[in-house]
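Input: a single structure, listed below in structure tokens.
Please treat every number below as a calculation from the coordinates, not as lab data. None of the values given here were measured: they were computed from a predicted structure. For neighbour counting, all protein chains shown are included, and Cβ atoms are generated from backbone atoms with ideal geometry for every residue, glycine included.
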Amino acid sequence: MINGGKSLHGRVNISGAKNAAVAIIPACILSDEPCRIENIPNIKDVNLIADIIRNMGAKVTKVDKSAFEIDPRGIVNPVPSYDMVRNMRASYYLLGALLGKYHRAEVAMPGGCNFGVRPVDQHLKGFEALGVECDCSGDVIKTRTDKLTGARIYFDIVSVGATINIILAAVKAEGMTVIENAAREPHVVDVANFLNSMGANIRGAGTDVIKIRGVEHLKGVTYSIIPDQIEAGTYMAAVAAAGGDVVIRNVIPKHLESITAKLREIGVEVEEYDEAVRVIRNGKIRKCNIKTMPHPGVPTDMQPQFAALLSIADGTSIITENVWNNRYQYVSELCRFGANITVDVRKAIIEGVPSLTASTVRATDLRAGAALIIAALAAHGTSEIEDIRHIERGYEDIIEKLRGIGADISRQSIGSPIVYTA
Ligand code: EPZ
């Protein structure tokens, strides 16, 4: 429940990056010794991937709210549980990690957000280039090889998942692997930095050419995950939409550059500090056109949040979604707040309205849910957002964090099921 129309004030702390954590935790499988991973967000997607690895025999202990100790030496059966894997998209990183360590992997076709088909052809293209046999009949991806041999791989499309997966499979391969047209996201760099701290030899992460020279041995390390750029961007958009003055701490401002640039175009004041940004909005919200692109462009994972913000801009804005085919399913829910948005395949035309009105809506996926929260914070009256499990699987303590900056928000558990006694 959100009673909106109030501006936001104070300070909020950003947690570790979800999309780095769901890759770095499986990457621990490649180590020959225990690893300690810190600054991990306490969210379902992360805890699920840890459970999957524990279920395979690794010793995984949560040493405090945001740190895991992972000892992969206990893995006896390198086949993750089919049922556990189907629940999340990022489980495909188990393919790269298990191939890199055991030269074989069987992972169910990944689940995850529901915006359109999410192919893995680039992942398979990369694995096959390294000498892996892939069998995708049915809904399990089966891969195996006698030996991993370095190769030159040119991705047809920029893919975060495929880039990370090939890095995982190639770090212990024989010889040099070169990935061209690689993804440059901060979490790709974080995975490479983690593996290099263990003794891997990865050069160029963060650029579109990554070179990996295989090594024999990866040692255990302690590693702290980068802050979550999308969580930070989501709070920046929330302050811009609701109005107010908030300091967002534990961020890397460089990772937020495209988001900051767009918010300044929209008329929002953003002050950058070493590990924080301050967002101030008390004037008009200006219309603005946005094209989502792979990093360093505007992240697709900020597209729904920007749409919510621009729905109360002064004029007409156009958002073009260049990464996913079908990432506007949330628009119909956003229009229930009174937003005036029409979708034309990859474009959303947003006619700004003076204000939004409270409504009852349903979250369909992580970032769509975040956009509905942003709209509810700006809307006048009390809104209800259902299925917030989609949101809480990716945003640590989002209700407590928003309440901490003055939002009138609370979690209502749906009434317990009525039990009919005979
Ligand atoms: C990661 O998904 C993120 N998920 C997504 O964030 C994010 O939207 C996406 O990267 C883009 O930044 C995680 O990191 C767990 P891609 P991923 O491979 O790796 C096509 C969130 O909200 N493609 O970069 O699956 C694909 O269809 C989630 O945290 C192929 O065609 O995305 C898409 O159009 C939602 N073949 C484009 O590339 C492939 O083999 C980019 O996908 C792989 C991808």
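Taking the Cα centre of segment 328-422 as origin and charging only Cβ (+1 Lys, Arg; -1 Asp, Glu), how large is the dipole, in debye to the nearest 20?
On the way: 10 positive and 12 negative charges, 27 e Å.
Charge dipole, segment 328-422, about its Cα centre: 120 debye, nearest 20.
Once you list every other residue whose beta carbon is under 13 Å from the beta carbon of Y328, what net charge do they have if Lys and Arg are +1 and Asp and Glu are -1?
On the way: positive: R327, R346, K347, R367; negative: E321, E333, D344, D365.
Net local charge, Y328 excluded: 0.
May I ask you to list, by number, the DSSP H helices of the chain whose Cα span along the axis is at least 18 Å and whose average Kyte-Doolittle hydropathy reaches -0.5 or more?
Values: long enough: 229-242 (20 Å, 0.86); 366-378 (19 Å, 2.02).
Result, helices passing both filters: 229-242, 366-378.
Rounded to the nearest 500, what is the chain's calculated 222 nm mean residue ellipticity when only DSSP H runs of at least 4 contribute -39500 (n - 2.57) each, over all residues? Please report the intermediate quantities before stating the final value.
Details: 14 runs with 129 residues, N = 422.
After summing the helix terms and dividing by the residues of the chain, the value is -8500 deg cm²/dmol.
So which aspartates and glutamates can K291 reach, going by Cα to Cα under 16 Å and dropping same-chain residues fewer than 8 places off?
Excluding near neighbours in sequence, the set is E257, E265, D301, E321, D344.
Over all directions, the average projected area of the alpha-carbon convex hull for the chain comes to how many nm²? Don't skip to the answer; put the middle values down first.
Working: hull surface 84.0 nm².
The directionally averaged projection comes out at 21.0 nm².
Please rank H187, H103, fewest neighbouring Cβ atoms within 10 Å first, as an exposure proxy. It would help to have the intermediate numbers written out before the result.
On the way: H187 26, H103 19.
By the 10 Å Cβ count, ascending: H103, H187.
Cut-off is 10 Å between beta-carbons; in what order do M176, M236 appear when sorted fewest neighbours first? All intermediate terms of the calculation are to be shown ahead of the outcome.
Values: M176 15, M236 27.
Result, fewest neighbours first: M176, M236.
If we count every other residue with Cβ under 10 angstrom of G243's Cβ, Lys/Arg +1 and Asp/Glu -1, where does the sum land?
On the way: positive: K6, R281; negative: D245.
Combined, the nearby Lys, Arg, Asp and Glu give +1.
Which peptide among 22-33, 317-328 comes first, and what is the full order, when sorted by highest mean count of other Cβ atoms within 10 Å?
22-33, 317-328
Mind checking which aspartates and glutamates have their C-alpha under 17 Å from K172, skipping anything on the same chain fewer than 8 residues away?
In chain and number order, the partners are D32, E33, E128, D146, E216.
Report the relative contact order of the chain, percent, no decimals, based on alpha-carbon pairs under 8 angstrom and at least 6 residues apart.
Details: 1031 pairs, mean separation 79.1, N = 422.
Taking the mean separation of contacting Cα pairs over the length of the chain, I get 19 percent.
Count the net charge of all other residues whose Cβ sits under 14 Å from the Cβ of C136, scoring Lys and Arg as +1 and Asp and Glu as -1. Walk me through the intermediate numbers first.
On the way: positive: R118, K125, K142, R144; negative: E106, D121, E128, E133, D135, D139.
Summing Lys and Arg as +1 and Asp and Glu as -1 gives -2.
Could you tell me the number of lysine pairs in segment 1-126 with C-alpha atoms less than 28 Å from each other, where the two lysines are 8 or more residues apart or belong to different chains?
13
Where a ≥ b ≥ c are the square roots of the eigenvalues of the C-alpha gyration tensor, would you call segment 258-404 rounded, which needs a/c under 1.5, or, failing that, prolate if a/b is larger than b/c, or oblate?
Rounded is the answer for segment 258-404, as its axis ratio a/c remains below 1.5.
Would you mind working out the magnitude of the charge dipole of the chain relative to its Cα centre, with +1 at each Lys and Arg C-beta and -1 at each Asp and Glu C-beta, to the nearest 20 Debye? Don't skip to the end; give the middle numbers.
Working: 47 positive and 48 negative charges, 21 e Å.
My answer is approximately 100 debye.
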